[in-house]
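See structure below.
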Amino acid sequence: MATQMFEGTQHAAVYLKYRFAPGKELKDIILAYLQEKAPSCTQLAVDVGCGSGQGTAFLADRFAKVVGTDISQAQIQEAKAAPSPPNISYLITRCYSSPPICRVCPAEELPFEDGSVDLLASFTAAHWFDIGKFMNEVKRVLRPGGCVAISTYTIDMSLHYRDCSEKLTQIFREAWDQLLKYSHSRIKHVLEDYKEIFEALPFPDKKRITNIYDKIPMTVAGVVGYLESASPYQVFMKNDPEAAKTLLPGMEKRLLETMGAPSRDTPLEFWVRHVCILGHKEA
Ligand SMILES: C[S@@+](CC[C@H](N)C(=O)[O-])C[C@H]1O[C@@H](n2cnc3c(N)ncnc32)[C@H](O)[C@@H]1O
């Protein structure tokens with residue numbers, strides 16, 4: 001069954017503000033794979049679980065048309081409101097019934113014709129999907145010779161600033177560990193580097209890369225905002241709002257003291273590891 005964790009409008013706004021796009025290393029690996037396996041498949045890319053469009057944007061340079069889909073209407077609204085190239089669109093489908101329900105696009109029921117998609121991508125979202133149903137859709141909508149790219153960043157991030165990177169990372173991880181107590185059971189897919197998701201991909205021509213590192217430029221405010229945008233923080237806020245409200249300001253204070261920095265806008269680097277599953281449907 002689909003899991004809906006990113007529904008709130010406030011959460012979607014925080015998400016748009018603080019979630020970062022895929023870094024250079026991840027983008028280069030995906031683009032090189034496309035060039036190798038499907039150089040002439042350049043018509044349609046679909047980004048499933050697109051959120052507010054973090055991973056959708058870079059596909060616009062390679063494909064004539066890029067469509068972002070998501071199960072959360074709030075996320076799609078944020079994506080639509082943000083500036084983006086003219087060949088990107090974000091899809092809201094409506095199912096009219098009685099009483100009328102507005103339904104966005106679940107990954108398990110994609111609104112694309114059989115064999116019509118050149119690239120099906122999904123960034124940091126597939127662990128929320130019903131994997132079996134999603135893979136049936138991957139197989140159905142991809143055109144013969146088309147590719148799939150499914151990635152996530154993992155939870156072992158680190159912070160880098162001058163000579164205090166180790167201490168900053170420790171402070172960050174203490175807060176992260178607090179939050180992870182509230183994480184959904186589906187986080188197991190991330191902890192297992194998407195092993196089960198890789199195994200479920202129904203193409204023999206596939207690979208899983210688990211050591212893609214990107215250095216994301218950030219600020220202290222960005223690190224705090226990133227944690228605020230994480231789904232376990234939203235659960236923490238519901239379960240124990242008092243404790244949740246003090247966790248991030250406490251972390252921010254410790255980070256700034258350790259850095260000897262006066263402002264939460266002080267830049268630092270956020271290093272992330274990505275896992276990426278790449279696959280090619282037989283032509
Ligand atoms: C962690 S966010 C990732 C967003 C974006 N792709 C990124 O790279 O930051 C996960 C997204 O998956 C969406 N999602 C969760 N379950 C879904 C499903 N079954 N079908 C489609 N989207 C889903 C959520 O609404 C959310 O926007």
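The values are calculated or read from the model by the stated rules, or taken from the named source; none is laboratory data. Because the structure is a prediction, the values reported are computed rather than measured. Glycine also receives a Cβ, built like all others from the backbone with ideal geometry; neighbour counts cover every protein chain displayed. For the accessible areas, the whole protein counts, side chains as well, though only heavy atoms, and no ligand, DNA or RNA atoms are used. Shrake-Rupley method; radii C 1.70, N 1.55, O 1.52, S 1.80 Å.
Helix 131-141 and the longest principal axis of the Cα set of the chain meet at an angle near 50°. Phi-derived couplings, Karplus 6.51 cos²θ - 1.76 cosθ + 1.60 at θ = phi - 60°, listed residue by residue for region 235-244: 5, 4, 4, 6, 7, 8, x, 4, 5, 4 Hz, with x used for Gly and Pro. Roughly how many percent of the accessible protein surface of region 46-172 is carbon and sulfur, given a 1.4 Å probe and a whole-percent answer? C and S fraction of accessible area: 51 percent.
Annotation for region 140-180: trypsin sites (Lys or Arg not before Pro) lying in DSSP loop with at most 13 further Cβ atoms inside 10 Å of their Cβ are Arg162.
Within the straight-line cut-off of under 17 Å between alpha carbons, the lysines reachable from Lys17 are Lys80, sequence neighbours fewer than 8 places apart in one chain being disregarded.
Helical runs assigned H by DSSP (4 residues or longer) give the chain a calculated mean residue ellipticity at 222 nm of -11500 deg cm²/dmol, each run adding -39500 (n - 2.57) before division by the residue total. Near the amide H of Gly49, within less than 5 Å, lie the amide hydrogens of Thr69, Asp70, Ile71, all on another chain or at least 5 residues away, with H placed in the peptide plane. Computed with a 1.4 Å probe over protein heavy atoms only, the accessible surface of the chain comes to 46 Å² per residue. Axis of helix 24-37 versus longest Cα principal axis of the chain: the two differ by about 10°, to the nearest ten degrees.
Annotation: extensible slack from Thr42 through Ala64 equals 7.3 nm (criterion: 0.36 nm per residue apart, minus Cα-Cα distance). Tell me the carbon and sulfur percent of the accessible area for region 191-279, rounded to whole percent, probe radius 1.4 Å. Percent of accessible area from carbon and sulfur atoms in region 191-279: 54.
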